[in-house]
Amino acid sequence: MNGAGRVYDFWLVCTRCGTSHPALPLYQCRACGGSLEVAYDYERIFSRLPFDRMSARTASGIWKYRELLPVFPGTDPVTLGEGGTPLLPSWRMGSTEGGFQLYLKNESANPTLAFKDRSLSVALTAARQFGMTEVVCASTGNTGVAAAAYAARAGLRCTVYIPATTPPEKLEAMKAYGARLEMVSGSFSDAYATSADEALRLGAFNLTSTYLNPHAVEGNKTLAYEIFTSLQAVPDWIVIPVGAGPLLSGCYKGFREMLLAGVIDQLPRMVGVQASGCAPILQAFEEGRQEVRPWGGSTATLASGIADPLSTYPEDGTRTLAVIRESGGVAIGVSDLDMHHCRRMLAEREGILAELSSVTAVAAVKALYDSGAIRAGELVTAVVTGHGIKDMTAAINFEKTGVE
Ligand SMILES: [Zn+2]
């Protein structure tokens with residue numbers, strides 16, 4: 001069975017009350033308003049095509065796994081060659097110094113230089129299959145750039161709602177791809193609310209990369225497939241920078257699917273890394289709460305990509321926190337000063353120039369090893385989520401403040 005009246009191998013299910021919905025452009029459960037997730041008839045999918053055969057396909061990137069993405073048969077993917085990014089051993093920071101094996105999943109090798117290309121490729125493909133002509137999103141930068149690029153590729157109109165803190169490099173890229181930009185006063189959460197209102201008004205597909213669009217979130221799973229396929233092993237720890245955290249929970253879902261497929265026999269512990277200056281998920285983790293509350297103070301960090309106070313959708317943080325706890329992982333915070341040091345070290349010692357938000361994962365690995373959480377001999381993967389070239393102004397401003 002793949003659910004009442006369903007003609008495809010996937011559908012939407014409410015994460016709060018479990019009600020099923022057909023695969024439509026929905027953002028909330030019609031019964032209770034809860035957030036939605038894509039569910040699959042895995043038995044049917046894997047009986048037709050085992051996971052190993054998907055991995056072995058010659059198609060590059062995320063579309064090797066199209067049966068595990070919410071795409072109708074026959075729909076052409078909107079693709080720029082996303083996914084298939086390198087998983088690089090870190091010689092200087094892992095095996096020789098710490099006695100653990102560290103691999104860096106370099107997502108800055110994606111077409112718009114950030115991991116968001118995975119979810120935006122899926123989201124624009126979904127937009128096209130639903131017959132949408134217009135897309136909108138709220139963004140702190142990387143989502144907007146990816147949305148603009150993939151909308152251009154799909155031939156759809158794109159409007160991005162951005163807070164004033166968005167790095168200028170990312171604004172220029174969005175403009176270059178032909179997106180319409182709307183500046184919103186306040187934080188990312190304010191841009192989120194405006195984009196939701198405008199999506200309704202315009203009848204546009206909302207691509208905001210929190211948990212809002214269940215189709216977009218699915219692209220993140222492909223990170224897990226690639227990490228396992230590269231290593232032929234499940235890391236003991238996977239360390240990911242988080243704002244709302246759909247990359248972390250998407251990645252964990254990918255590992256759970258491989259467990260269901262009988263490809264792996266254990267799951268990784270997930271580490272969610274936040275900027276200390278804006279860390280609602282970390283705060284709930286440290287206080288032992290199940291529910292994340294909105295971040296009360298200002299967003300005191302230059303790590304704009306993960307500076308999400310979750311003001312109007314703290315339940316997104318609660319979803320991420322639940323995954324961290326379920327996996328036996330931890331939430332951890334990194335200061336802007338540590339990010340700055342780590343950014344330089346990653347560039348000078350590993351040849352990887354990452355944006356501030358991204359280096360939090362690497363800084364967290366060091367902190368977890370120093371605290372004894374990561375032990376000698378363990379296998380660790382840190383996800384470098386975006387390229388430093390898109391965030392140079394933050395680095396320059398940080399040096400100007402004289403903190404260094
Ligand atoms: Zn519901």
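So, in the range 156-186, exactly how many residues are at pLDDT below 95, polar (S, T, N, Q) and open to solvent by less than 30 Å² (accessible area, probe 1.4 Å)?
Adding up the residues that qualify gives 1.
Please count how many residues of the range 1-28 are outside any loop (DSSP other than H, G, I, E, B) and either within 11 Å of the ligand (Cβ to nearest atom) or in contact with a Leu (Cβ under 9 Å, 6 or more places away or on another chain) (or both). Can you show your working first?
Taking the range 1-28 as the starting set, the residues that turn out to be outside any loop (DSSP other than H, G, I, E, B) are 10-14, 20-21, 28.
Those left that are additionally either within 11 Å of the ligand (Cβ to nearest atom) or in contact with a Leu (Cβ under 9 Å, 6 or more places away or on another chain) (or both): 10, 12-14, 20-21, 28.
Residues meeting the conditions: 7.
Would a scan of the range 306-319 turn up a residue that is closer than 22 Å to residue 118 by Cα and acidic (Asp, Glu)?
Yes, the range 306-319 has at least one match.
Would you check if residue 71 is more than 28 Å from residue 354 (Cβ to Cβ), crowded, with 16+ Cβ neighbours inside 10 Å and within 16 Å of the ligand (Cβ to nearest atom)?
So residue 71 fails the test.
Could you identify the single residue in 31, 39 that is part of a loop (DSSP other than H, G, I, E, B), of a type in the set (Gly, Ala, Ser) and at pLDDT 95 or above?
On inspection, the qualifying residue turns out to be 31.
Inside the range 258-274, can you point out the residues that are touching a Leu at 6+ places or on another chain (Cβ under 8 Å) and buried (at least 22 other Cβ atoms within 10 Å of the Cβ)?
270, 271, 272, 274
Only residues that are open to solvent by 50 Å² or more (accessible area, probe 1.4 Å) and under 19 Å from residue 16 (Cα atoms): list them for the range 295-318, please.
Selection gives 312, 315.
When you scan the range 252-261, do you find a residue that is in a loop (DSSP other than H, G, I, E, B) and either modelled with pLDDT of 95 or more or assigned by TED's automatic domain parsing to the domain that holds residue 105 (or both), even just one?
For the range 252-261, residues in a loop (DSSP other than H, G, I, E, B) and either modelled with pLDDT of 95 or more or assigned by TED's automatic domain parsing to the domain that holds residue 105 (or both): present.
Which strands (runs of 3 or more DSSP E) sit wholly inside the range 54-144 and have at least 2 residues that are farther than 25 Å from residue 198 by Cβ?
By residue number, 87-89, 101-106.
Which one of these does residue 232 not meet: (1) open to solvent by less than 10 Å² (accessible area, probe 1.4 Å); (2) assigned by TED's automatic domain parsing to the domain that holds residue 376?
Here residue 232 meets the rest and fails (1).
The values are calculated or read from the model by the stated rules, or taken from the named source; none is laboratory data. Note that the coordinates shown come from a computational prediction; the quantities given were computed from them, not determined experimentally. We place every Cβ from the backbone using ideal geometry, glycine too, and count neighbours over all the protein chains shown. Please note that ligands, DNA and RNA were not included when accessible areas were found on the heavy atoms of the full protein model with its side chains. Shrake-Rupley method; radii C 1.70, N 1.55, O 1.52, S 1.80 Å.
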